[in-house]
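Read through the structure below, which is laid out as structure tokens, and then see the notes.
The values are calculated or read from the model by the stated rules, or taken from the named source; none is laboratory data. Keep in mind it's a predicted model, so treat the numbers as computed, not measured. Reconstructed Cβ throughout: ideal geometry from the backbone, glycine too, with neighbour counts over all protein chains shown. Ligands, DNA and RNA are excluded from the accessible area calculation, which covers all protein heavy atoms including side chains. Shrake-Rupley method; radii C 1.70, N 1.55, O 1.52, S 1.80 Å.
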2 protein chains.
Amino acid sequence: MKTVLKSADWEVIVSTEGPIVMIGEKINPTGRKRLATALQAGDFDYVRQQALQQVAAGAHVLDVNVSVPGLDEKRLLPEVVKFLTAHTRVPLCLDSNNPEALAAALQVTPGKPLVNSVSGEEGKLRDILPVVKDRGAAVIGLTMDNNGIPPDAEARLAIAGRIIERAAKAGIPAEDVIIDPLVLSVGADQKAAAVTLKTIELVRREFGVNINLGASNVSFGLPDRQTINQAFLALAFGAGASCVITDAEKLAGTVLASDLLLGRDPYGKRYLSHVRRQQVSAAGGGKA
Amino acid sequence: MKTVLKSADWEVIVSTEGPIVMIGEKINPTGRKRLATALQAGDFDYVRQQALQQVAAGAHVLDVNVSVPGLDEKRLLPEVVKFLTAHTRVPLCLDSNNPEALAAALQVTPGKPLVNSVSGEEGKLRDILPVVKDRGAAVIGLTMDNNGIPPDAEARLAIAGRIIERAAKAGIPAEDVIIDPLVLSVGADQKAAAVTLKTIELVRREFGVNINLGASNVSFGLPDRQTINQAFLALAFGAGASCVITDAEKLAGTVLASDLLLGRDPYGKRYLSHVRRQQVSAAGGGKA
């Protein structure tokens, strides 16, 4: 199944057959004080720098989240979207809990963006789906509902089914719904990643839709997070995830190596190009 | 299914339910000139150093290969086995193409060693299985035969079946046969790893036996091998491999992170202990 995302002049296809699509996670002030401060000051230079770094590192899409306590997301999200549209050409993933901010930002986003996110919560389904439909966007569906995140894969599968069904009723086809099975830290719950991996398999088998992961949570609170995140991404891609919200600077190598190992990178061209760009960049070539 | 390996006073269980068993690969002179030179000179100090490093890094078993052109393996393999038995307490994996060397080494190995390896080749089945049976050892079965390594998973599955059947006829139970589905470099063949991953799934489903991988081949000839090897190991464990011949110093973190992510490391105890030992070692604590 294919989810087509577009900017004004660029197209990215998220496909269950791969290759994996990376959504750069760093335009998100949660836990990033410098970005929060820059957004508060209306200083978008830092936003631009982060965006360009993620794209240079391999991000195909940029997540855009400007949720800082005290700031007016409904005003700020469209503003940052317009700014990024002027400075990059990748499609955007509009990331907000605020339906009004999403609606306002969708009005000024060219192409076909991704909305992050709806869930099985009744209020979300009611508020977000019409906005996504009106704009002809695609949407990420989180497998949680008014009772929270279910501890087992079968219940997450059921929520995925409800989201896909409600989206269809709202006029959004299944190919424009990307399910995110959610992952919590294995530091807090040893079964957390295993449940997520099983959910990926079940959702892929049952609905055949694209699967996204916000993968960094998995290692929260643990040492050597990079090793855990790398192993988790490979496990998730093996289970059937086709899309990941991640720090491309840290994890593009693992994403591209996984595509190569899953037989989706003829002659290793994409992997080899990536390594060469990294070498040029490490040698200071990026500054010339 | 469980394969029990033993030294004189230590037991290691390879289980399809995990945790994953690491067989340290570095006592093998192929591509390791310094080890080859040491073996030629009869200088076992370097052998001991490599063995202790692999065990300190997390290897549960040590592969022992002393195949150097011009050296008498039938004399040398038992000698190195005796030496390692005196200096380490992990079970050994006797690695040789020479049935006489294996038979001689098995005579002096305490406990219950692993033999690396038999294959579907008629001569191997005929020569190796009786030796393994006589000693009550376990054996690795490579999915290749007189026609070489099949390019597809179904044919490798069929060879695995023949090895398990012939082992049974020789009196070796399936639990003492660990199948190695073999991996070639994805640099030479883009489908190489995908075929191996599929073979793992098929063999696990069909025969339920333990699966071993010699994982380093996969990245041969490619840059940034570590990233590829890490991703491949996680994919292989996700597919069902339970045992790996690898450089524990480089890949123990990925092995332990994979166990943690697959829900086999309650409270992350093993992963956290590993990271702490690494930190102590990096701080020079190993030298105190």
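Size of the dipole of the range A:32-168 about the Cα centre, Lys and Arg at +1 and Asp and Glu at -1 on the beta carbon, nothing else charged, in debye to 20? Let's see the in-between values first.
Details: 16 positive and 16 negative charges, 81 e Å.
Using only the charged Cβ atoms, the result is roughly 380 debye.
Can you compute 3J(HN,Hα) from phi for each residue in the range A:14-28, using the Karplus curve 6.51 cos²θ - 1.76 cosθ + 1.60 with θ = phi - 60°, rounded to whole Hz and x for Gly and Pro?
Values per residue, Gly and Pro as x: 8, 10, 5, 8, x, x, 5, 9, 9, 9, x, 9, 7, 8, 7 Hz.
Taking all protein chains as present, what is the carbon and sulfur share of the accessible area of the protein assembly as shown, in % to the nearest whole number, probe 1.4 Å? Mind showing how you got there, number by number?
On the way: 11940 of 23380 Å².
The computed percentage sits at 51.
In Å², and per residue, what accessible area does the range A:202-243 have when probed at 1.4 Å with the other protein chains present? Please report the intermediate quantities before stating the final value.
Details: 1270 Å² over 42 residues.
Here the per-residue accessible area is 30 Å².
For residue A:148, which inter-copy label distances result when the label point lies 7 Å beyond Cα on the Cα-to-Cβ vector, reported in nm to one decimal and in ascending order?
Residue A:148 label point versus its equivalents elsewhere: 5.7 nm.
For a Förster distance of 22 Å, can you work out the FRET efficiency between the beta-carbons of residue B:127 and residue B:17, rounded to the nearest 0.05? List each step's numbers first, then the result.
Values: r = 33 Å, r/R0 = 1.49.
The formula returns an efficiency of 0.10 here.
For the pair residue A:52 and residue A:2, what calculated FRET efficiency results from E = 1/(1 + (r/R0)^6), where r is the Cβ-Cβ distance and R0 = 25 Å, to the nearest 0.05? Write out the running numbers ahead of the final one.
On the way: r = 28 Å, r/R0 = 1.10.
That pair, residue A:2 with residue A:52, gives E of 0.35.
Taking both sides together, what accessible area is buried at the A/B interface, probe 1.4 Å, expressed in Å² and rounded to the nearest 100?
Roughly 2600 Å².
About the Cα centre, and with charges only on the beta carbon of Lys, Arg (+1) and Asp, Glu (-1), how big is the dipole of the range B:202-288? Nearest 20 debye, please.
Numbers: 10 positive and 6 negative charges, 56 e Å.
Taking the Cα centre of the range B:202-288 as origin, the dipole is about 260 debye.
Quick one: plug the Kirkwood hydrodynamic radius of the range B:40-153 (C-alpha pairs) into Stokes-Einstein at 10 °C, 1.306 mPa s, and report D in µm²/s. Numbers along the way, then the final one.
Working: Rh = 14.8 Å.
This corresponds to a translational diffusion coefficient of 107 µm²/s.
Where in the range B:41-68 is the amide nitrogen less than 20 Å from a point lying 7 Å along the Cα-to-Cβ axis of residue B:10?
B:44-66
Mind giving me the FRET efficiency for residue B:169 and residue A:168? R0 is 60 Å, r the Cβ-Cβ distance, nearest 0.05 is fine. Present the calculation step by step, with values, prior to reporting the outcome.
Values: r = 57 Å, r/R0 = 0.95.
With R0 = 60 Å, the Cβ-Cβ based efficiency is 0.60.
Residue by residue through the range A:109-119, which ³J(HN,Hα) values in whole Hz follow from phi under the Karplus form 6.51 cos²θ - 1.76 cosθ + 1.60 (θ = phi - 60°), with glycine and proline marked x?
Along the range A:109-119, the couplings run 8, x, x, 10, x, 10, 9, 10, 6, 10, 8 Hz.
In nm to one decimal, list the spacings between the residue A:169 label point and its equivalents in the other copies, with label points set 7 Å along Cα to Cβ, shortest first.
Spelled out, the distances from residue A:169's label point are 6.3 nm.
What number comes out for the charge environment of residue A:210, summing +1 per Lys or Arg and -1 per Asp or Glu over other residues with Cβ under 13 Å away? Provide the component values of the computation, followed by the final result.
On the way: positive: A:2, A:204; negative: A:17, A:175, A:176, A:180.
Here the count lands on -2.
Would you work out the relative contact order for chain B, in percent, from Cα pairs under 8 angstrom that are 6 or more residues apart? Intermediate values should be presented prior to the final figure.
Numbers: 570 pairs, mean separation 56.2, N = 288.
After rounding, I find 20 percent.
Suppose the Debye formula is applied to equal point scatterers at every Cα of chain A; what is log10 I(q)/I(0) at q = 0.15 Å⁻¹?
The calculated log intensity ratios at q = 0.15 Å⁻¹ are -1.20.
With label points built 7 Å along Cα→Cβ from the Cα atoms of residue A:83 and residue B:74, find their separation and express it in nm.
Label-label distance for residue A:83 and residue B:74, simple model: 7.8 nm.
Taking each label point as 7 Å beyond Cα in the direction of the beta carbon, state the distances from residue B:277 to the same residue in the other copies, shortest first, in nm.
3.9
Where the convex hull is taken over the Cα atoms of the range A:208-282, what is its projected area averaged over directions, in nm²?
5.6
What is the dipole size for the protein assembly as shown, taken about its Cα centre, with +1 at each Lys and Arg Cβ and -1 at each Asp and Glu Cβ, in debye to the nearest 20? Present the calculation step by step, with values, prior to reporting the outcome.
Values: 64 positive and 62 negative charges, 160 e Å.
Dipole of the protein assembly as shown, to the nearest 20 debye: 760 debye.
Compute the accessible area per residue over the range A:111-169, keeping the other protein chains in place, probe 1.4 Å, unit Å². Intermediate values should be presented prior to the final figure.
Details: 2350 Å² over 59 residues.
Heavy-atom accessible area per residue stands at 40 Å².
Past 18 Å, Cα to Cα: identify those pairs from B:26/B:269; A:124/A:191; B:6/B:133; A:6/A:250; B:26/B:250; B:2/B:124, in the order given. All intermediate terms of the calculation are to be shown ahead of the outcome.
Details: B:26/B:269 26 Å; A:124/A:191 27 Å; B:6/B:133 15 Å; A:6/A:250 25 Å; B:26/B:250 11 Å; B:2/B:124 24 Å.
Violating the 18 Å Cα-Cα cut-off are B:26/B:269; A:124/A:191; A:6/A:250; B:2/B:124.
For the range B:173-288, with the dipole built from +1 on Lys and Arg beta-carbon atoms and -1 on Asp and Glu ones, taken about the Cα centre, which of B:271, B:183, B:195 lies farthest toward the positive end?
B:271
Distance from the Cα centre of the range A:32-103 to that of the range A:118-187, in angstrom?
Each part reduced to its Cα centre gives a spacing of 23 Å.
Given points 7 Å out from each Cα along the Cα-Cβ axis, report the residue B:40 to residue A:158 separation in nanometres with one decimal.
6.9
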